[in-house]
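These notes concern the structure reproduced below.
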Amino acid sequence: MNRLRVTCAAACAVFCLAGPAAAQRISLVDRIVAVVNSEVVTNSELAERLAVAERQMRKQNTPLPEPRVLERQVLERLILEKAQLQMAKETGLRVDEVQLDRTLSRIAENNKMTLAAFRQALERDGVQFDRFRDEIRSEIMLTRLREREVDDKIQISDSEIELYMAENAGPGAPQGDVEYNIAHVLVRLPEQASPESIQAARARAEKVIAEARAGADFAKLAASYSDAPDALAGGLMGWRAHDRLPELFSTALKDLAPGGVSQVLRSPAGFHVLKLIERRGGATLSGAPVRQTHARHILIKTSEVVSENEAKRRLADIRERVMNGADFAELAKVNSADGSASKGGDLDWVYPGDTVPEFERAMDELKPGEISQPVKSPFGYHLIQVLERRVADVSAERRRLQARQALRERRVDEAYQDWLRQLRDRTYVEIRLDDK
């Protein structure tokens, strides 16, 4: 099983179910454990997801909560998933076969296999390819739904950008390159919560704080109490930049010591509790000069038709032609699959972090005028040429772009949690776990 690397969460879920034990669970007589609008969640579905959750938590060394608590947590995630997929289908979201095939090919490629070999490997492990395909389709639909309903609706005004830039300028500016490794618990509140519900939710959050400060494992507390999608991963949010966190979070974390737990924080989605695991960085946003690289490239994408070896061979041939006097820009226009092809592959001035790490590492090793060997990235294979370098102040336009991006990232997680809460409130749900 470990020889296959799957890039989608849904794909991981399918992998974990391989083997006769899973088949035996599926063969149990189904009972309905929940109704979600016009669909049902069956006992076998819940059992499968519980097995996946337990396996993943053990792999991450996350202590398991009580079985009944974990069962409720997993069921709630199944309910939210079904509600989102129903909304996606009802509002016309579709994943066409071409897009699905490309995604499956990319997963196979990441496992260093052809799609046919990947399918055989799945079936040898007891995973039906058609079912795996359906799980990937659902994962794509959920991503597109979030992009349409949440990400694309976040608007940042010019006045907000100017205020942000003013707050992050000068000697008293916040520490913009500080990063926090954090975990969190969300106790979600319905939109029209009664005073009693609000009080109960706050008490739940305060219980998390009390237990965490008394030495309880925060990952187990998150798995037991949190309503966030990352609850079963121990509430881990990972490394987040100070200026890209919701202001509510960044303010609470600023004076928190590593290992510390915040007070109860209130947002539109509900009550939050944060734990600061680590902190790094700390220079102020001074607008210091940065090294910039003027580069161009040629991209060959791999596919069922173009293998990795073929992509590398084509780029090696192009490189040799350039070394013998051919025009890089003209060859880029003819051969590159990147959007920069029409500009001769020119990427203009590239800042640190603008490109994927594999591309940036290879580019940084080149001297001006030098051309790389074929470089692999998630997009395919690249031939990179560095034209020139400079150390210069970040332009005003660039600072505005960075400010807009930081403000978007600051809002997107909170907006997503709020949207999930609203969707859950609108969804008819009948839980029948006690009938089991």
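The values are calculated or read from the model by the stated rules, or taken from the named source; none is laboratory data. The structure displayed is predicted, hence computed values, not measured ones. In this analysis, Cβ positions are derived from the backbone assuming ideal geometry, glycine residues included, and neighbour counts consider all displayed protein chains.
Being touching a helix residue (DSSP H, G or I) at 6+ places or on another chain (Cβ under 8 Å), surrounded by 16 or more Cβ atoms within 10 Å (Cβ to Cβ) and in a helix (DSSP H, G or I) is true of Ala403. Considered as a group, the residues in the range 201-217 that are touching a strand residue (DSSP E or B) at 6+ places or on another chain (Cβ under 8 Å) and surrounded by 15 or more Cβ atoms within 10 Å (Cβ to Cβ) include one that is nearest to His272 (Cα to Cα), and that residue is Ala205. For the range 237-262, filtered to residues that are touching an Asp or Glu at 6+ places or on another chain (Cβ under 6 Å) and not in a loop (DSSP other than H, G, I, E, B), the residue that is surrounded by the most Cβ atoms within 10 Å (Cβ to Cβ) is Arg244.
Within the range 32-42, the set of residues being surrounded by fewer than 20 Cβ atoms within 10 Å (Cβ to Cβ) and either of a type in the set (S, T, N, Q) or without any contact (Cβ under 8 Å) to a residue 60 or more places away in the chain (or both) comprises Asn37, Ser38, Glu39, Val40, Thr42. Identify all residues within the range 72-110 that are free of Cβ contacts under 8 Å to residues at least 12 places away in the same chain, more than 18 Å from Ser307 (Cα to Cα) and among the small types (Gly, Ala, Ser); write none if there are none. Scanning the range 72-110 gives a single hit, Gly92.
Against the numbered list (1) in the same structural domain as Ser267 (by TED's automatic domain parsing); (2) part of a helix (DSSP H, G or I); (3) among the β-branched types (Val, Ile, Thr); (4) over 18 Å from Ile277 (Cβ atoms), Val187 comes up short only at (2). Condition check for Glu196 on (1) in contact (Cβ under 8 Å) with a residue 24 or more places away in the chain; (2) exposed (fewer than 15 other Cβ atoms within 10 Å of the Cβ): one failure, at (1).
Quick grid of which residues meet (1) in the same structural domain as Pro229 (by TED's automatic domain parsing); (2) of a type in the set (D, E, K, R); (3) within 24 Å of the chain's Cα centre (by Cα):
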residue	(1), (2), (3)
Glu48	no, yes, yes
Arg68	no, yes, no
Leu85	no, no, yes
Lys89	no, yes, yes
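All of Ser395, Ser372, Ser377 fail the test of being within 28 Å of the chain's Cα centre (by Cα) and hydroxyl-bearing (Ser, Thr, Tyr), apart from Ser377.
Here's the yes/no breakdown for (1) within 30 Å of Asp158 (Cα to Cα); (2) not basic (Lys, Arg):
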| site | (1), (2) |
| --- | --- |
| Glu330 | no, yes |
| Gly339 | yes, yes |
| Tyr351 | yes, yes |
| Ala362 | no, yes |
| Glu370 | no, yes |
| Arg389 | no, no |
| Ser395 | yes, yes |
| Gln405 | yes, yes |
| Leu420 | yes, yes |
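Which residues, counting only those in the range 145-184, are within 19 Å of Asp255 (Cα to Cα) and either in contact with an Asp or Glu (Cβ under 8 Å, 6 or more places away or on another chain) or at pLDDT 90 or above (or both)? Residues satisfying the conditions are Asn168, Ala173, Pro174, Gly176, Tyr180, Asn181, Ile182, Ala183, His184. None of Ala332, Ala337 is of a type in the set (A, V, I, L, M), under 30 Å from Glu397 (Cα atoms) and over 31 Å from the mean Cα position of the chain (by Cα) except Ala332.
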